[in-house]
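So the structure is just underneath, and the comments pick up after that.
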Amino acid sequence: MKLSTRSRYAITAVIDLANNGDSAVSLKAVSERQSISLSYLEQLFCKLKNYGVVKSQRGPGGGYRLNKEADEISLYEIITAVDENIDQTLCGGSLNCQKDKPCSTHHVWTGLNEIISDYMKNITIKDVVTNNTVHNLQDARERGANVN
């Protein structure tokens, strides 16, 4: 599965906000630090704000900040906020892959969708900022656990 640039940039930008603590951050500063087009960030942040991931602050020292704690925002929430579709089926889940019937591998792609969604729902912005996700996965592998 490959996420679109939209999702990658949205996640990167939200992480940038998280790295700046409670201070409001201008999109221009995020744009410069992350090498993301300012106009593209404006589009993404409109969606992120409407979804409740970020909030804006007007005036001097204004900009954007997280609307919730970093450990309350999952990567899945950000992906959903920017209208990303992580569905791996050809039919969008409508079971009409081939001539109005599900294809022979429909259940495989549906299962993959669930795994990807669960994985992204269980990683928070705080996990990414603290690199906690990587450590947890490595620890689980070392213990011989089955990691999804």
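Whole number please: convex hull volume per residue, Cα atoms of the stretch 8-82, in Å³.
Dividing the Cα hull volume of the stretch 8-82 by its residues yields 77 Å³.
If we restrict to alpha carbons, what Rg and Dmax does the stretch 1-135 come to, in Å?
For the stretch 1-135, the Cα-based Rg and Dmax read 17.1, 58 Å.
Taking the inverse of the average 1/r across all pairs of different Cα atoms in the stretch 53-127, what Kirkwood radius in Å do you get?
14.6
Accessible area of R33, 1.4 Å probe, to the nearest 10 Å²?
120
Could you name the aspartates and glutamates whose alpha carbon sits less than 16 Å from that of K47, not counting residues in the same chain fewer than 8 places away?
Within the straight-line limit of under 16 Å, K47 reaches these aspartates and glutamates: E77, D83, E84.
Excluding ligands and nucleic acids, what accessible area in Å² is computed for T105 using a 1.4 Å probe, to the nearest 10?
Here the accessible area works out near 60 Å².
Net charge near S37: determine it from the other residues with C-beta under 14 Å of the C-beta of S37, scoring Lys and Arg +1 and Asp and Glu -1.
Result for the local shell: +2.
Given contacts defined as C-alpha pairs under 8 Å and at least six residues apart, what's the relative contact order of the stretch 23-94, whole-number percent?
Relative contact order comes out at 29 percent.
The values are calculated or read from the model by the stated rules, or taken from the named source; none is laboratory data. If you're wondering where the values come from, they're calculated on a predicted model, not measured in any experiment. For neighbour counting, all protein chains shown are included, and Cβ atoms are generated from backbone atoms with ideal geometry for every residue, glycine included. For the accessible areas, the whole protein counts, side chains as well, though only heavy atoms, and no ligand, DNA or RNA atoms are used. Shrake-Rupley method; radii C 1.70, N 1.55, O 1.52, S 1.80 Å.
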